[in-house]
Structures are given as structure tokens and as C-alpha cells.
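Read through the structure below, which is laid out as C-alpha cells, and then see the notes.
The values are calculated or read from the model by the stated rules, or taken from the named source; none is laboratory data. All of these numbers come straight from a predicted model, not from anything done at the bench. Note that we place each Cβ from the backbone using ideal geometry, even for glycine, and neighbour counts take in every protein chain shown.
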Amino acid sequence: MILAKVTGYVVATQKCDELRGSNLLLIARLDDNQQPMKDKSWVAVDHVGAGLHDIVLAEEYFALNSERYRAMSVVAIVENVFRDR
Amino acid sequence: MILAKVTGYVVATQKCDELRGSNLLLIARLDDNQQPMKDKSWVAVDHVGAGLHDIVLAEEYFALNSERYRAMSVVAIVENVFRDR
Amino acid sequence: MILAKVTGYVVATQKCDELRGSNLLLIARLDDNQQPMKDKSWVAVDHVGAGLHDIVLAEEYFALNSERYRAMSVVAIVENVFRDR
Amino acid sequence: MILAKVTGYVVATQKCDELRGSNLLLIARLDDNQQPMKDKSWVAVDHVGAGLHDIVLAEEYFALNSERYRAMSVVAIVENVFRDR
Amino acid sequence: MILAKVTGYVVATQKCDELRGSNLLLIARLDDNQQPMKDKSWVAVDHVGAGLHDIVLAEEYFALNSERYRAMSVVAIVENVFRDR
């Protein structure tokens with residue numbers, strides 16, 4: 001999983017059935033100083049009710065409703081990161 | 001999923017049975033300014049009727065007809081991207 | 001899937017049962033000018049009878065005979081690429 | 001699997017059911033000199049009781065309790081690395 | 001699959017059940033001149049009895065004993081690479 005920040009969202013009316021009803025969040029991967037990295041953005045299905053500017057955990061291939069389909073997903077909202085290299 | 005632009009298509013008559021009848025789109029990943037990135041192109045199976053120059057969402061390992069087979073797929077056509085870093 | 005060129009092959013007699021009888025092609029990913037990229041080579045199982053110098057589509061985790069095993073695979077021979085950024 | 005060092009942990013109370021009860025470790029990939037690489041950090045589910053500063057093996061898509069869900073996971077604590085290029 | 005050279009091994013007594021009894025090889029990806037690339041090392045489960053300095057094929061998510069678990073694996077020992085760009 002990567003640490004990321006929610007930086008926006010995506011509107012898409014024509015989409016696969018498996019994505020219907022999903023919120024599609026735009027997320028940017030964080031560097032070691034917790035800043036969004038340039039050109040490291042993805043779109044992820046929200047599983048936890050995340051909002052704009054939240055720090056989240058995103059997993060690349062998480063199961064959607066059916067086991068057959070996997071998509072990048074926001075799987076947790078992060079409250080605190082403890083880092084001690 | 002990545003944000004990408006449809007930049008072309010691929011013609012291939014000799015292909016795996018699982019790809020028969022699929023449209024194979026050439027897509028280029030977008031940077032944070034919504035511009036196609038150099039040498040970041042993939043070929044994806046179209047699941048949503050996307051056309052040239054459309055902005056789309058692409059997922060790397062999406063199930064094809066059978067659960068056994070997965071391939072990069074265009075899973076949504078994007079109408080709008082809201083971005084607020 | 002990536003666009004790649006078949007640049008060689010690999011001989012391996014000691015291999016997993018799942019790879020027996022497979023042709024192992026050396027492929028190099030193509031850049032936006034259809035040229036092989038430096039140090040972007042993989043070995044892929046041939047599913048379509050591709051030959052040296054063919055332009056092909058390769059998928060990273062394609063099912064082998066059994067659903068359990070997946071390996072990078074050449075899944076189509078490309079005749080034409082239409083590109084219009 | 002990658003060699004990584006545990007450099008911290010993540011606190012997240014709102015998370016997917018599949019992650020409940022899991023320790024979420026912050027790990028940094030090691031370079032060839034066994035030093036953490038800059039901006040190459042991930043968050044992984046601990047399966048082996050790893051602690052801060054441990055050298056570990058991490059696998060990107062390891063099954064969680066249910067087969068349906070996979071997440072980056074710490075799967076071993078490393079005692080020794082023998083390297084002879 | 002990638003071409004890699006076995007450059008060492010890893011000792012880990014605390015590990016997931018799925019890795020018990022496995023040899024954990026340290027491998028370095030090869031560049032187009034068959035030389036190990038800097039900081040491109042992984043740890044892979046040996047499925048073919050590979051030894052130090054062998055050139056091997058490694059697949060990132062290969063099934064372990066159970067279908068549920070996948071890990072990077074050495075799946076073949078390479079005798080010869082024919083390359084003709």
C-alpha cells in the first residue's frame with residue numbers, strides 16, 4: 001500500500017458496471033516528507049468515505065464487489081504517521 | 001487506475017482467443033497538467049466504447065470474459081477531473 | 001499491455017513444469033517512436049507464434065495452462081499501430 | 001519480494017474490514033548497500049511480528065485472511081543477507 | 001519475467017508458513033549487456049535449484065504451494081540468451 005493524499009476526484013458517467021456507485025478519488029503519492037509527488041497520481045475507488053486533502057492508504061489491486069474484478073482502492077484514512085528512519 | 005488519453009489504436013489479427021472481438025486502444029498516461037507523458041504508453045482493451053482523444057480511466061489487470069484472464073483495460077470515460085492539491 | 005519488439009529468445013532446460021513446452025521470447029518495450037527502449041527487456045511466454053523482430057503485445061500476468069500460474073506472455077502480433085496524439 | 005527496513009508505523013482507525021486488527025508498518029526499500037532508498041516507502045500489513053528498524057521481506061500482493069483481498073505484507077524478518085555480486 | 005543473476009541469499013527464521021522450507025535467493029535484474037543493474041535487487045523463492053551466479057528467469061507473482069499465496073519466484077535457470085535487436 002502507498003501513502004497518498006486525496007487531491008481531487010473524477011466524474012465519469014460511462015463506466016464499467018463494476019465501478020457503478022463508486023466514488024473515484026484522485027490521489028497523489030506522498031514522498032518521505034509527506035508531500036505529494038509530481039506526476040505520481042492515480043484514481044482510486046473509495047472504500048472508506050475519504051474526503052479532499054485526507055491522507056489515505058491506497059492498495060493497487062483490491063477486490064471490488066465481485067472477486068473477479070480488482071481496482072486501485074482507498075482502504076484506510078490515516079490519522080498519524082510515525083517515522084523514525 | 002491511471003488517467004490516460006486515447007492516442008491511437010492497434011491492429012492485430014493474430015491474437016489470443018481471449019482478445020478476439022476486443023478493440024485495442026493505445027493510451028498515454030497523463031501528467032499532473034493533463035498532458036500525455038512521453039514513453040508512457042500502453043495498449044488496453046476497451047470496455048466502454050472510448051474513442052480517439054478521450055480521457056479515460058485504465059486499470060492494469062482487469063478481468064476479461066473469463067476470470068482466468070486479465071488484461072489492461074479502459075474501464076471509464078472521464079468527463080471531468082477536479083484537482084485541488 | 002505493452003507494445004514490444006521480439007529481440008531474441010532464451011534457452012532454459014531447467015524450468016518449472018508450468019513453463020515446459022513454452023517458447024521464451026526476449027522482448028524490448030517500444031518508446032513512442034516505436035524504438036526498443038534501453039534496459040527495458042523482459043522474457044515472455046509465446047502464445048501466438050511470434051518470431052524475431054515481430055512487434056507484439058505483451059501482458060504481464062497472463063494465465064498459463066492452469067489458472068494458478070501466471071507469467072508474462074506475448075498475446076498478439078501487431079500489424080499496425082495508428083498513433084495520433 | 002523486496003528487502004526493506006521498518007521505518008515507522010501508521011495509525012488508521014477508519015479502514016476496510018479486511019485490515020482490522022492488522023499492524024500497518026511503514027517500510028523503506030533497501031539499496032544494494034542495505035540503506036533505505038529515498039521516497040521508496042510503502043505501508044505493509046505485518047504477518048510476522050516485525051518491529052522498528054528490523055530488516056524484513058515484503059511481498060506486494062499477499063493474501064489477507066480471505067483469498068479475495070490482497071495487500072502489501074511483511075512476510076519475514078531477515079537475520080542475514082549474503083551478497084556476492 | 002525478468003532476466004536476473006543470483007547474487008546472494010537471505011536467512012530468515014521468522015517467516016510466514018507459506019515460505020517455510022523455501023530457499024530465498026537474492027537476485028539482481030540484468031541490463032541489455034547482461035550486467036546486474038544497480039539497486040534493482042529482489043528476493044525470490046527458488047523453484048528450480050538455482051545457485052549463486054546463475055542467470056535465471058524470475059516471475060513476480062508466482063503461486064506458492066497454495067493458490068492463495070503468490071511470491072516472486074525463480075522459475076528457470078537460463079543456459080543461453082540469444083539477442084539480436
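Please determine whether any residue of the range B:33-44 is within 12 Å of chain A (Cβ to nearest Cβ) and among the aromatic types (Phe, Trp, Tyr). Checked the range B:33-44: no residue is within 12 Å of chain A (Cβ to nearest Cβ) and among the aromatic types (Phe, Trp, Tyr). Only residues that are modelled with pLDDT of 95 or more and touching a Phe, Trp or Tyr at 6+ places or on another chain (Cβ under 9 Å) were counted across the range B:8-22, and they come to 4. Restricting attention to the range D:2-16, does a residue exist that is among the hydroxyl-bearing types (Ser, Thr, Tyr) and under 29 Å from E:Lys5 (Cβ atoms)? Yes, the range D:2-16 contains a residue that is among the hydroxyl-bearing types (Ser, Thr, Tyr) and under 29 Å from E:Lys5 (Cβ atoms).
When D:Val81 is tested against (1) away from chain A (no Cβ under 12 Å); (2) out of contact with any Gly (no Cβ under 8 Å at 6 or more places or on another chain), only condition (2) is not met. Number of residues in the range C:67-77 that are surrounded by fewer than 23 Cβ atoms within 10 Å (Cβ to Cβ) and at the interface with chain B (Cβ under 9 Å from one of its Cβ atoms): the value is 2.
For (1) polar (S, T, N, Q); (2) within 26 Å of B:Phe62 (Cβ to Cβ), each residue gets a yes or a no:
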residue	(1), (2)
A:Glu18	no, yes
A:Ser22	yes, yes
A:Ile27	no, yes
A:Asp31	no, no
A:Gln34	yes, no
A:Asp39	no, yes
A:His47	no, yes
A:Ile55	no, no
A:Tyr61	no, yes
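Among the residues of the range B:11-51, those identified as β-branched (Val, Ile, Thr) and surrounded by fewer than 16 Cβ atoms within 10 Å (Cβ to Cβ) are B:Val11, B:Thr13.
Any residue at all in the range C:59-66 that is surrounded by fewer than 23 Cβ atoms within 10 Å (Cβ to Cβ) and more than 13 Å from chain B (Cβ to nearest Cβ)? So far as the range C:59-66 goes, no, none of its residues is surrounded by fewer than 23 Cβ atoms within 10 Å (Cβ to Cβ) and more than 13 Å from chain B (Cβ to nearest Cβ).
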